[in-house]
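One structure below.
The values are calculated or read from the model by the stated rules, or taken from the named source; none is laboratory data. Quick caveat, the model's predicted, so the values are computed rather than measured. Cβ placement follows ideal geometry from the backbone for every residue including glycine, while neighbour counts extend to all protein chains displayed.
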């Protein structure tokens, strides 16, 4: 330990921002003149005032704390083992109040339009009849569920929990990269990252007026209870997981624990007298709401895949009868289709008669003949994505690909054009990140989380994912990415008393089974 501290002390002299190179990219903390961006002044000043070796020591302590808390994810097919610790960088991302206000408004607008779209396509399909969305696109959508036609979800809400991926280009413009409405993951890392940062820099939060995130589990629980069928004053909520081998199992168990509800698998549930019940030591107990973390295909072998061992036979029948609520509603995955994503701006205009506040990344739909010709002629310039892949899979980054890889994707596009879109290769924004004892710029995206219940709530900040590999544009954890805490700074007109009270609650919050020690002495942070 003494040797590592000495090494850290020797390296710390490099940990300042005077020689930091933005590399010609839009940087989230430092502008092109080397000055802190709005809201980042206090953070950068305090970081540079730390004693030699202190920041590296705190990074090391944070990693140990995450290890002790078991904050992991799984990479399917990895030869290094199933469980991996999610990499974390201690330098946070900062979003100024006025910028967040625009992002929040844009996300609320988008989720309203998407909810109307999903309801429409499972009922009248007016958007298709009016030729805003081509019928062939909808009819060929593999995530469209015929079993959901005519469904009436509780409170007319389909997409209760959404994780929308945002990116910023070299001009500073924020774009929506994709929508995640099936089983969006990652919010547990937001909460645990904040827990670690609050313990590492408690009074830097107070000085910076960082908006809290600690109330997400309580808001999620309120949303789920809001969906419950009428009849009971205290509805029973459970989180439904595929089991311990799922890549996001840690998050499933964490959220269940934080909400104080049961974590169940399909084998724990049964349909009795038309209701969903879970097995307990005292017999069967009715479940009113299931926060399902299982894809549609596996939730009910009676209606979807008959070989599924993860679901509950008869679950959809109980859902149709209004005897249980499911979040998200079955069928929402159709809006995750990357081809349908290309039409979301038109949906906003069609359903809300508004211009999109947050634009899509310009997108070429390979199903369209003209778009397809352009894509095939410019594969060396574009990013190509499969319609229903995630996690960085099924993707070609043209400028970084080999001729052989581009030829392979050209063949795939020609064989199945409906399955592919293409987008310009954006110069994604970067942020200073600790790499081998110094600050280097790394590309980032942002996944805010939106809850749609009695109203629409956007968690301040969200998950900043960072591409730790030099030059990489792929931020997914399965592809070598990590994460950072995201600080939304309260504006001058914000209620600082409310922020301070929430900060106190956040500081008092504890993570499950955490026995780590992170130094928070005021002498080390001026």
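Given the structure, is residue 149 modelled with pLDDT of 95 or more and either surrounded by 13 or more Cβ atoms within 10 Å (Cβ to Cβ) or under 20 Å from residue 106 (Cβ atoms) (or both)?
The answer is no for residue 149.
Looking at segment 282-366, what helices (runs of 4 or more DSSP H) fall wholly within it and have at least 2 residues that are modelled with pLDDT of 95 or more and out of contact with any strand residue (DSSP E or B) (no Cβ under 8 Å at 6 or more places or on another chain)?
Correct list: 296-299, 315-320, 344-352.
Name the residues in segment 381-415 that are surrounded by fewer than 18 Cβ atoms within 10 Å (Cβ to Cβ), within 21 Å of residue 143 (Cα to Cα) and at pLDDT 95 or above, would you?
412, 415
From the set of residues in segment 12-69 that are on the phi > 0 side of the Ramachandran plot and either under 29 Å from the mean Cα position of the chain (by Cα) or at pLDDT 90 or above (or both), which is surrounded by the most Cβ atoms within 10 Å (Cβ to Cβ)?
That would be 39.
Quick one: which of 295, 306, 268 is surrounded by fewer than 21 Cβ atoms within 10 Å (Cβ to Cβ) and within 20 Å of the chain's Cα centre (by Cα)?
295
Return the residues of segment 24-46 that are assigned to a helix (DSSP H, G or I) and out of contact with any strand residue (DSSP E or B) (no Cβ under 7 Å at 6 or more places or on another chain); say none if nothing qualifies.
Residues satisfying the conditions are 41, 42, 45, 46.
How many residues does segment 240-257 contain that are surrounded by 20 or more Cβ atoms within 10 Å (Cβ to Cβ) and either at pLDDT 95 or above or out of contact with any strand residue (DSSP E or B) (no Cβ under 8 Å at 6 or more places or on another chain) (or both)?
So the answer is 8.
Name the single residue, out of those in segment 274-292 being within 24 Å of residue 249 (Cβ to Cβ) and without any contact (Cβ under 8 Å) to a residue 40 or more places away in the chain, that is surrounded by the most Cβ atoms within 10 Å (Cβ to Cβ).
277
Considering each residue of segment 98-132, count those that are under 19 Å from residue 150 (Cβ atoms) and more than 22 Å from the chain's Cα centre (by Cα), and give that number.
Of the residues in that region, 11 qualify.
Which is in contact with a strand residue (DSSP E or B) (Cβ under 8 Å, 6 or more places away or on another chain) and either farther than 23 Å from residue 139 by Cα or assigned to a helix (DSSP H, G or I) (or both), of 421, 431?
Only one candidate qualifies: 431.
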